[in-house]
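Working notes, beginning with the structure itself.
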Amino acid sequence: MTEAAKKDDPYGLREGEVAVALPQDFDASLYYIGRIRTPWRRREECPKNAHEADAECTVELDPRWADGLKGLETATHVIVLYWMDKARRDLMLQAPRHYAEPRGTFALRSPARPNPIALAVARLVRIDGNRLTVVGIDCLDGTPLLDIKPYFASTDAVPDAVVGWHAERKR
Ligand SMILES: C[S@@+](CC[C@H](N)C(=O)[O-])C[C@H]1O[C@@H](n2cnc3c(N)ncnc32)[C@H](O)[C@@H]1O
């Protein structure tokens, strides 16, 4: 790959980024329980985060698990966990394009992480059988689904929470 092509490679290393050697073995296995259908085919087209996402998306649960949705139709919002299958897993310092300096993976919401699990608190529009229509998802079409949970404002919301480096950046 030429230097110019490396610069444009969304999965390549940027200046200041650091990768580590991954462990040889996995500690656990998991089931993909469905797929998420979104309008976005390329990473650059995706909303940067779930808050910016206003398109209706479909969470397609494998029919095997559909009984597990019983009662969820009463929720206004759901926590959706998904597997960022196109992300690299070895980055420990990252320099996202829209931030000036590199930061640690665990200080960021980047999809690149040892276990590329993403989360969104999405508005539940409706449930039809094994399909949930939601607003507030920021992944590529076909992204594997890991879990769905009801969002409880009473226990999950922390209205005064702050991420210092991000708050300072906006000042
Ligand atoms: C910054 S992450 C945030 C993910 C999630 N809302 C979170 O906070 O955990 C969202 C970005 O991940 C990228 N992305 C989306 N789907 C992906 C996939 N299947 N594999 C790798 N990267 C993906 C897109 O660039 C998207 O803008």
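Only residues that are loosely packed, with under 12 Cβ neighbours inside 10 Å and either under 21 Å from ARG88 (Cα atoms) or modelled with pLDDT of 95 or more (or both): list them for the stretch 40-59, please. Within the stretch 40-59, ARG41, ARG42, GLU44, GLU45 qualify.
For ILE36, the criteria (1) in contact with a Ser or Thr (Cβ under 7 Å, 6 or more places away or on another chain); (2) loosely packed, with under 15 Cβ neighbours inside 10 Å hold in every case but one, which is (2). Can you tell me how many residues in the stretch 25-40 are within 15 Å of the chain's Cα centre (by Cα) and of a type in the set (D, E, K, R)? So the answer is 2. Criterion first (assigned to a loop (DSSP other than H, G, I, E, B), within 16 Å of the ligand (Cβ to nearest atom) and within 16 Å of the chain's Cα centre (by Cα)) does LYS149 satisfy it? Judged against the criteria, LYS149 is not a match.
Okay, residues lined up against (1) among the β-branched types (Val, Ile, Thr); (2) out of contact with any Cys (no Cβ under 9 Å at 6 or more places or on another chain); (3) over 16 Å from GLU52 (Cα atoms); (4) in contact (Cβ under 8 Å) with a residue 40 or more places away in the chain:
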site	(1), (2), (3), (4)
ALA75	no, yes, yes, yes
ALA120	no, no, no, yes
ASN130	no, yes, yes, yes
THR133	yes, no, yes, yes
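Residues are listed down the side, and each one gets a yes or a no for (1) in contact with a helix residue (DSSP H, G or I) (Cβ under 8 Å, 6 or more places away or on another chain); (2) within 28 Å of ALA157 (Cα to Cα); (3) aromatic (Phe, Trp, Tyr):
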{"site": "ASN49", "(1), (2), (3)": "no, yes, no"}
{"site": "GLU60", "(1), (2), (3)": "no, yes, no"}
{"site": "PRO63", "(1), (2), (3)": "no, no, no"}
{"site": "ASP67", "(1), (2), (3)": "no, yes, no"}
{"site": "LEU72", "(1), (2), (3)": "no, yes, no"}
{"site": "VAL78", "(1), (2), (3)": "yes, yes, no"}
{"site": "LYS86", "(1), (2), (3)": "yes, no, no"}
{"site": "GLN94", "(1), (2), (3)": "yes, yes, no"}
{"site": "THR105", "(1), (2), (3)": "no, yes, no"}
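One residue stands out in the stretch 77-118 among those that are of a type in the set (Phe, Trp, Tyr) and in contact (Cβ under 8 Å) with a residue 40 or more places away in the chain: the one that is farthest from CYS57 (Cα to Cα), namely TYR99.
The values are calculated or read from the model by the stated rules, or taken from the named source; none is laboratory data. The shown structure was predicted, so the numbers you read here are calculated from the model rather than taken from an experiment. Cβ atoms come from the backbone with ideal geometry, glycine included; neighbour counts cover every protein chain shown.
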